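*Asks:* What follows is a single structure, and I will ask about it in a moment.
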Amino acid sequence: MAAVALSLFLNAQVLGNTAQEKRALKRATERFIGRKIQKEKQPFLLGNKCIHLLKSEMKLYNGSTFESHELLLDNTSVLSLNQSIAQVEDCKDGPEILSKRASLISCGGKIQLTNNSELHTLQLDLTTERDSFSSTLVPTLDISDSKVNIDLLRGDFSNVLIDQNSEIMTDNVQFSGGIRAYAVEQPTIVLGKQSEWINTGNFILGEKTADSNYIPPMMKIVNGGTLQTKRFSTIENNDKYPVIIIDHGTFSVDELITSRDTFRFKNGELHVRKTLVSEDGLDFSNGRFNLRSESFFMHLGEIKNAHRVQVKLGKNSIVIHSRAFKPRQFASFNNLGINHQLGGALTITKDRVMKSHGVLTDPMKIYGSFTAEDDLLFRVNNRISVGRGGKLIAPRYEHRNPLEIIGGEATLGSLHTTDLKITQDGILNCNKITLVTSESLGVNQGMIRMRDGEIRSLESLQELIFRGVHFYLSGGVRSHNGMKFLPGSRLTVDFEMMKEAHKYYAEPILRVDSDFSFDGSLKIEGTLPAEKPIVLVEAHRIDTNKIKYNNRKYKLEKQPHNGMIRLYLTYRVKTRIRNRTGSFEN
């Protein structure tokens, strides 16, 4: 049944969107059915083809090479490399249709590398058919004394065996486990016998699913095997945990997010450089571990068997712990940063300047300075409050919870919130602001700075009302809602800080999808790039009858434009708009 299902899958892969694409894909696809292909000291170059193996076996040995754009193996097929090289990568000189298809290996059978062989591919999927979950066939990747280089490695119910001094290079890995209706061994990765695996991105073990037949994966690092990865996370399902066994192996990771019952330590080494999160606890199994870093984030629940663990952390470190936490549980514990007990607000005091990271569940109050480290996990699942003199600098972070700025300054990548409050001359620097309701915005004597961004309320018919807001623009901004500036509000357009200001001859600096009403003050900073009219605002309707604007150099003029109204900024004397196209004359 599985073979039939995969055969149908392979046939589906040949189909395109149009009859012409279908024919082109069929010409670019070569199928081997019930074949045994053997190559010795020979090239087998099909770089401009998609190769499908059905009930077939391909053996390459003694210096042979294989190339294709795509390689698909059904669950009865085998690719065997012995002192040979296989490359499945993007086709450069083949049919145009292949440029629309991602290059990959999809294996339902077995791939075996021995004797100094090499495999290079952008993506390798070890996959079974979900509709045949009672199948006993398990896709397998078996690597011995060989090298593998894969951008993305994905496996569901599959096995990976790496041994005999093999070297594996990947960018991202997801090994999810799978669905089976009967009791079988767990899908397993075994990394052993002095082999090394380096992963430069995310390594995910497990998968979220509600299926009661789900079987989580297992990973074994044994007999001198070494895994190095940037991020490693495990996912549990209904008390079904992935299992990681370290037995005379080494596991080295920058950021580790896991669960209490995942790790089994047997004379292994664990090196965590930046982040260790296991909110429900961690059993160190009496292993000897050193946690040392200038900047470290640790959130552990119940701690067991940690009396051989040494902790020495610098001033940029944060340790989140429960009431039951006791430093004497460790062999030694020294943290020059913040020790925070769950349940209260994590506070950055006025005298503290931190550059750190982490995942916080409690509110965060900032009176000093906190900078989120680049390329490390930072998230606050609660309210952030930045007090007078405080600074939050996180230009890549999307905050999805309430934000309060009381005399302080916050720099964010984006904001999605039900509650934004800025008071006492507080400042928000953010290029994408999403307000769940129009009432989410509460600014009184505060500033919002934006450049090349957008602001919206999810209540699509509601207008954004600015009370006492200083809205500062140094680049183009789009409002998906109407905007109404009440008395006491101010709009500043800074041409000195603006990049490519000349593009606003043709497009607006502030694009409003509905109506624009301005009863505040307008200020222009810097000099316009040339004596041409600048499109300041475009909206369905523009009301500036009560605007406070006393600039003697530039004046405002309104004109219709393609069903909208544009508000132009022009030189008072030398330039005037003469028609609806926005052209000008001296």
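The values are calculated or read from the model by the stated rules, or taken from the named source; none is laboratory data. Values in this document were obtained by computation on a predicted structure and should not be read as measured data. A quick note on method: Cβ atoms are made from the backbone with ideal geometry, for glycine too, and the neighbour counts reach across all protein chains shown. Areas reflect the complete protein model, heavy atoms only, side chains present, ligands, DNA and RNA absent. Shrake-Rupley method; radii C 1.70, N 1.55, O 1.52, S 1.80 Å.
*Asks:* Along Cα→Cβ, 7 Å out, is where each label goes; now give me the distance between the ones at MET169 and VAL353 in nm to one decimal.
*Replies:* A separation of 3.9 nm, rounded to one decimal place.
*Asks:* Whole-Hz ³J(HN,Hα) for each residue in the stretch 386-401, computed from phi via Karplus 6.51 cos²θ - 1.76 cosθ + 1.60 with θ = phi - 60°, x for glycine and proline: what do you get?
*Replies:* 10, x, 4, x, x, 9, 10, 10, 9, x, 10, 9, 9, 8, 10, 9
*Asks:* In nm, give the distance between the simple-model label positions of SER252 and ASN202, each being 7 Å from the Cα along the Cα-to-Cβ direction.
*Replies:* With each label placed 7 Å out from Cα toward Cβ, I get 2.4 nm.
*Asks:* Right, something else. Among the lysines in the stretch 336-462, how many pairs, 8 or more places apart or on different chains, have alpha carbons under 12 Å apart?
*Replies:* Details: LYS350/LYS365; LYS350/LYS391; LYS355/LYS391; LYS365/LYS391.
The number of close lysine pairs in the stretch 336-462 is 4.
*Asks:* Is the C-alpha gyration tensor of the chain telling us rounded, prolate or oblate? Criteria: a/c under 1.5 is rounded; beyond that, a/b larger than b/c is prolate, otherwise oblate.
*Replies:* Details: a/c = 2.75, a/b = 1.47, b/c = 1.87.
Here the chain falls in the oblate category.
*Asks:* Relative contact order for the stretch 101-259: what percent, with Cα pairs under 8 Å and sequence separation of 6 or more?
*Replies:* 17
*Asks:* Give me the accessible area per residue for the stretch 53-109, probe 1.4 Å, as a whole number in Å².
*Replies:* 38
*Asks:* Further, regarding this structure: Can you tell me which of 277-284, 139-146 comes out highest on packing, and rank the rest after it, using the mean Cβ neighbours within 10 Å? Please report the intermediate quantities before stating the final value.
*Replies:* Details: 277-284: 18.6, 139-146: 21.1.
Ranking, from highest mean packing down: 139-146, 277-284.
*Asks:* Determine the shape class of the stretch 346-566: with a ≥ b ≥ c the square roots of the Cα gyration tensor eigenvalues, call it rounded for a/c under 1.5, and otherwise prolate if a/b is greater than b/c, oblate otherwise. Mind dumping the intermediate values first?
*Replies:* Values: a/c = 2.03, a/b = 1.81, b/c = 1.12.
Prolate, since a/c reaches 1.5 and a/b exceeds b/c.
*Asks:* Let me ask another. Once both labels are modelled 7 Å past Cα along the beta-carbon direction, what's the LYS503-ARG308 spacing in nm?
*Replies:* 5.9
*Asks:* Please give every one of the lysines within straight-line cross-link reach of LYS532, meaning a C-alpha to C-alpha distance under 18 Å, and leave out same-chain neighbours fewer than 8 residues apart.
*Replies:* LYS499, LYS503, LYS553, LYS555, LYS558, LYS574
*Asks:* Another question, then. Rounded to the nearest Å, what's the spacing between the alpha carbon centres of the stretch 287-332 and the stretch 403-443? Just the number, please.
*Replies:* One Cα centre to the other: 35 Å.
*Asks:* For the stretch 155-212, which GluC sites (Glu not before Pro) pass both filters: DSSP loop (anything but H, G, I, E, B) and at most 15 other C-beta atoms within 10 Å?
*Replies:* On the way: sites: GLU167, GLU185, GLU196, GLU207; in loops: GLU185, GLU207.
Within the stretch 155-212, the qualifying GluC sites (Glu not before Pro) (loop, at most 15 other Cβ atoms within 10 Å) are GLU185.
*Asks:* Okay, moving on. Ignoring any ligand, DNA or RNA, what whole percent of the accessible area of the chain comes from carbon and sulfur when the probe is 1.4 angstrom?
*Replies:* 45
*Asks:* So, one more: Of the options GLY446, MET169, HIS321, report the single residue whose Cα projects farthest towards the positive end of the charge dipole of the chain (beta-carbon charges: Lys, Arg +1; Asp, Glu -1).
*Replies:* GLY446
*Asks:* Continuing with the same structure: Taking amide H positions as placed in the peptide plane 1.01 Å from N, state which residues far from SER117 in sequence (5 or more) or on other chains have amide H under 5 Å from it.
*Replies:* Those lying under 5 Å, H to H, from SER117 are GLN83, SER84, LYS147.
*Asks:* Okay, next question. Helix-only estimate, please: 222 nm mean residue ellipticity of the chain, summing -39500 (n - 2.57) across DSSP H runs of length 4 or more and dividing by its residues, to the nearest 500.
*Replies:* -1000 deg cm²/dmol
*Asks:* In degrees from 0 to 90, rounded to the nearest 10, what is the angle of the helix 2-14 Cα long axis to the longest principal axis of the chain?
*Replies:* 50
*Asks:* Need the list of lysines near LYS220 for cross-linking: C-alpha distance under 25 angstrom, and skip anything on the same chain fewer than eight residues off.
*Replies:* Of all the lysines, those that pass the test against LYS220 - Cα under 25 Å, at least 8 places apart if same chain - are LYS110, LYS147, LYS193, LYS208, LYS230, LYS240, LYS266, LYS274, LYS304.
*Asks:* Taking the Cα centre of each part, how many Å lie between the stretch 150-198 and the stretch 257-271?
*Replies:* Cα centroid of the stretch 150-198 versus Cα centroid of the stretch 257-271: 17 Å apart.
*Asks:* Right, another one. When you count, for each residue, the other Cβ atoms within 10 Å and take the mean per peptide, how do 50-57, 564-571 rank with the highest first?
*Replies:* Output ranking for 50-57, 564-571: 50-57, 564-571.
*Asks:* Please say if the stretch 462-523 is rounded, prolate or oblate, where rounded means a/c under 1.5 for a ≥ b ≥ c the square roots of the C-alpha gyration tensor eigenvalues, and otherwise the choice is prolate for a/b larger than b/c and oblate otherwise?
*Replies:* It is oblate, given that a/c is not under 1.5 and a/b is not larger than b/c.
*Asks:* Rank-order 81-91, 379-389, 549-559 by packing density, defined as the average count of other C-beta atoms within 10 Å over each peptide's residues, highest first.
*Replies:* Ranked from most to least packed, the peptides come out as 81-91, 379-389, 549-559.
*Asks:* So how do LYS36, LYS92, LYS266 rank on accessible area, 1.4 Å probe, biggest first, that is with the largest at the start?
*Replies:* Result of the area sort, largest leading: LYS92, LYS36, LYS266.
*Asks:* Please compute the per residue accessible area over the stretch 346-566 with all protein chains in place, 1.4 Å probe, rounded to a whole number of Å².
*Replies:* 44
*Asks:* Step by step: find N for the stretch 276-342, compute 2.2 N^0.38 Å, then divide the Cα radius of gyration by it. What's the final number?
*Replies:* For the stretch 276-342, the normalised Cα radius of gyration is 0.99.
*Asks:* Oh, and also: Does a label point 7 Å from the Cα of ASN149, set along Cα-to-beta-carbon, have any residues of the stretch 98-129 with amide nitrogen under 19 Å, and which are they?
*Replies:* 103-105, 113-125
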